[in-house]
Amino acid sequence: MSVILASAGYDHTIRFWDALTGVCSRTIQHTDSQVNRLEITSDKRFLAAAGNLYVRLYDIRQTGSSGNATAQASATNNGGGTNDSHGNHNSNNNNPAMTFEGHTNNVTSLAFQIENKWMVTSSEDGTVKVWDVRSPSVQRSYKHHSPVNEVVIHPNQGELISCDQDGNIRIWDLGENQCTHHLIPEDDVPLNSLSVASDGSMLVAGNNKGNCYVWKMQSQRDITSLTPVTKFRSHSKYITRVLLSTDIKHLATCSADHTARIWSTENNFNLETTLQGHQRWVWDCAFSADSAYLVTACSDHYVRLWDLSNSETVRQYNGHHKGAVCVALNDV
């Protein structure tokens, strides 16, 4: 399974897609709640789904050691699946492999440490939590005084950056176990999303007024400093998501205005293209590894794959019967 593409949302299902054909290859029932965010571990073993109260980890590999349809069918029929003599789970693996309990409201985002040893989550309960992935337990809990909309891990793996509904950005130093920076781009304007450059050189935040804020980030002797670079209006309505491409040449913004937009980071954040076609709010996006494609999730129930060289929809993934609010892609 070289390309993993998954989406989820308000219909309480997680769907895996064949990226090329557009066919839904697997559906997981997420009965608890809607799914707010999806993340794939870097080793492609697990898909994490953030919902209301819980984060659940699902095995991406369809079957245990057998990998055949018969084992899948028998496992489905007996309602769970059994462990074979090697401890491999011969089911269709649609039950969570692990559940993380500890938040008291919607989990809004999550991210994995580079070796997938720990995970960080943000929640509407006003906290950012660090979890041990090997034994699902809370290692740290940091408090905002309002719902936290997103948390990202600095590439140095030693700092967390989070943003909240009151318009605060906080940087948490895991070594010092405290908040080292506190930024307020606009008073009382909710910040919905953050993205940090893969080399740690830049931080971008997007707010409810459609404004994007950009800071240059520098680390000297493990101390991070932030310098404001620019502020620009990216949409006339809510920004739902900001995301820097892996090569840091592009910034994607998603919005309530039914579009996603791509901006050039190397050309003073000039608009490169507007992706038009969705009929409702665009909630989430993911770049392909080569930054040539973007996948988007929308309230119109559809997930789309866009070719950024011509702004065309290459593929539309149909199957959700309510809004799609999150998408995850790994094509490395």
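The values are calculated or read from the model by the stated rules, or taken from the named source; none is laboratory data. Just so it is clear, the model here is predicted, and its values are computed rather than measured. Heads up, the Cβs are rebuilt from the backbone with ideal geometry, glycines too, and the neighbour counts pull from every protein chain shown. Please note that ligands, DNA and RNA were not included when accessible areas were found on the heavy atoms of the full protein model with its side chains. Shrake-Rupley method; radii C 1.70, N 1.55, O 1.52, S 1.80 Å.
ASN92 meets each of the listed conditions (1) part of a loop (DSSP other than H, G, I, E, B); (2) modelled with pLDDT of 95 or more; (3) touching a Ser or Thr at 6+ places or on another chain (Cβ under 9 Å) apart from (2). In the set HIS278, HIS321, only one residue is of a type outside the set (A, V, I, L, M, F, W, C) and either crowded, with 19+ Cβ neighbours inside 10 Å or modelled with pLDDT under 95 (or both); that residue is HIS278.
Does THR224 qualify as being modelled with pLDDT of 95 or more and touching a His at 6+ places or on another chain (Cβ under 9 Å)?
Against the criterion (modelled with pLDDT of 95 or more and touching a His at 6+ places or on another chain (Cβ under 9 Å)), THR224 does not qualify.
Applying the condition of being among the hydroxyl-bearing types (Ser, Thr, Tyr) and crowded, with 16+ Cβ neighbours inside 10 Å to segment 228-245 and asking which residue is nearest to ILE153 (Cα to Cα) yields SER245. Screening ILE223 against (1) β-branched (Val, Ile, Thr); (2) open to solvent by 80 Å² or more (accessible area, probe 1.4 Å); (3) touching a Ser or Thr at 6+ places or on another chain (Cβ under 6 Å) leaves a single unmet condition, (3).
Set side by side, the residues ASP187, ASP173, ASP247 differ, and just one is among the charged types (D, E, K, R) and under 25 Å from CYS326 (Cβ atoms), which is ASP247. Residues that are surrounded by fewer than 17 Cβ atoms within 10 Å (Cβ to Cβ) and either free of Cβ contacts under 8 Å to residues at least 40 places away in the same chain or out of contact with any Ser or Thr (no Cβ under 8 Å at 6 or more places or on another chain) (or both) within segment 25-57 comprise SER25, ARG26, THR31, ASP32, SER33, SER42, ASP43, LYS44, ARG45, listed in sequence order. Condition check for LYS209 on (1) free of Cβ contacts under 8 Å to residues at least 60 places away in the same chain; (2) open to solvent by less than 40 Å² (accessible area, probe 1.4 Å): one failure, at (2).
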